[in-house]
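Scroll down for the structure; my scribbles are underneath it.
The values are calculated or read from the model by the stated rules, or taken from the named source; none is laboratory data. Model, not experiment: these values are computed from the prediction. When we count neighbours, we look across all protein chains shown, and the Cβ atoms used for this are built from the backbone with ideal geometry, even at glycine. Note: accessible area is taken over every heavy atom of the protein model, side chains too, but ligands, DNA and RNA are not part of it. Shrake-Rupley method; radii C 1.70, N 1.55, O 1.52, S 1.80 Å.
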Amino acid sequence: MKIVAADVIVSSPDRNFVTLKITTADGITGLGDGTLNGRELSVASYLRDHVVPLLLGRDAHRIEDAWQFLYRSAYWRRGPVTMAAIAAVDVALWDIKAKAAGMPLYQLLGGASRTGIMAYGHASGRDVPELFDSIRAHLELGFRSIRVQTSVPGINAVYGVAAQSGDGKRYDYEPAQRIPLPAEEDWDSRAYLRHLPGVFEAVRGEFGPELPLLHDAHHRLTPIQAARLGKALEPYDLFWLEDCTPAENQEALRLVRQHTTTPLAIGEVFNTVWDYQTLIREQLIDYVRSAVTHTGGITAMRKLLDFAAQYQIKSGIHGPTDISPVGMAAALHLDLAIHNFGIQEYMRHGALTDEVFRQSFTFTDGYLHPGDQPGIGVELDEQAAARFPYQPAYLPFNRLKDGTVHDW
Ligand code: CS2
Ligand code: MG
């Protein structure tokens, strides 16, 4: 099944997306997501200028061979740009293969291992009453698992809190802002460590012991601070504490593990299985947070999750709005098929995005399902996409009180 065309479509309905559309001589098309928040054009160029010429004329059925060719022939391996580009090709080829087979992708991946995919939603508040309202709103939407993010007294802007400055802008729905330079935010780990346990005590008091609660520390603590936070949150029985400390130094998690049994989730900024070797082999995490879009696609993610399964480590696939509906759909097919499924993040895309990407996945009573369309179940409206040209946007960055740059 010869590849006769490969188009890179950059559009910006509610936010920037990079989509690869591969077309075969049989007229079958496949879509892949190559969106890398705040660095979108680098992946678009990697695809357009370096990868597309390599795809034309190839047999679309040979997915593993294409993966290995793109990874090894580049010589320069790994990294967010390379792995997002390879992911876009990989998912597009799996979409084509499933369409050619006339079945939804999860069937090709071994069929359904469950009836639905437990999803968690993002609740947040500047104070406890606002947080309670946000949790109630998410429960009314049907979510049965809730991520809790909150403002911290003494810090002006904190990741993941919806309305920060009273201007009504929904902050956590799109951290990347369409501004010429990254916004500077502030951070204070000691203020955060003092404040957060009390918030979880209040949430458990109000919503009881059963509701699965998650929290994202967003890479901001030192290992010993992360250990302290994990311990302080133990009484509130979190489903997971995410990105408690930057994990380039995987061994840092040994110190955290020594001090707490709070389950740990890490990996959304990772790009290959090698970023996890020590974490998985030494049982230092409980959930793999990678996104299909940022980790080399379905082919690589399945191998990573198979490796994790040997250690009873489960999936917790990254699903913010900067993963396009194509990347989200690919994740859902994997979520439905694998055995070691844990939970799926779900941030609802905006209405303009829905105009550009027609999706067949559903969210019902707290569970996602990829649908049963042949392929991954997402189609791109190129005319609609053309109405929303790329707009420069940047993620914020942090400085400490003394001006030191800190993890955002
Ligand atoms: C976050 C992301 O959803 C999450 O867990 O860590 O929203 C993250 O901030 C964005 O993907 C960055 O682009
Ligand atoms: Mg996160």
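Here are some notes:
- Considering only 36, 93, 196, the Gaussian network model of the chain with Cα springs below 10 Å gives its largest mean-square fluctuation to 196.
- Listed residues 177, 373, 310, most fluctuating in the chain (Gaussian network, C-alpha, under 10 Å): 310
- Ordered from largest to smallest accessible area (heavy atoms of protein chains, 1.4 Å probe), the residues 48, 190 come out as 190, 48.
- For the residues 34, 205, 102, a GNM of the chain with alpha-carbon springs under 10 Å puts the largest fluctuation on 205.
- Summed residue charge, Cβ within 11 Å of residue 112's Cβ, Lys/Arg positive, Asp/Glu negative: -1
- Prolate/oblate/rounded call for region 2-104, Cα gyration tensor, a/c under 1.5 rounded: oblate
- Charge dipole magnitude, Cβ of K and R +1, D and E -1 - region 72-194, Cα centre, debye nearest 20: 680
- Count of Lys pairs (Cα-Cα under 29 Å; at least 8 positions apart or interchain) in the chain: 15
- Rounded if a/c under 1.5, otherwise prolate or oblate - region 256-408, Cα gyration tensor axes: oblate
- Accessible area of region 2-104 belonging to carbon and sulfur atoms, whole % at 1.4 Å probe: 55
- Its DSSP H runs of at least 4 residues, each contributing -39,500 (n - 2.57), put the calculated 222 nm mean residue ellipticity of the chain at -10000 deg cm²/dmol, to the nearest 500.
- Sites listed here are trypsin sites (Lys or Arg not before Pro) in region 377-408 whose DSSP assignment is loop and whose Cβ has at most 14 other Cβ atoms within 10 Å: 387, 401.
- Degrees separating the helix 80-101 axis from the principal Cα axis of the chain, which is the longest one: 60
- In the full protein context, region 271-316 carries 33 Å² of accessible surface per residue, based on a 1.4 Å probe and ignoring ligands, DNA and RNA.
- Sum of side-chain charges, residue 278 neighbourhood, beta-carbon under 14 Å (Lys, Arg +1; Asp, Glu -1): -1
- Farthest toward the positive end of the dipole of region 2-104, out of 57, 79, 31, is the Cα of 79, where the dipole comes from beta carbon charges about the Cα centre.
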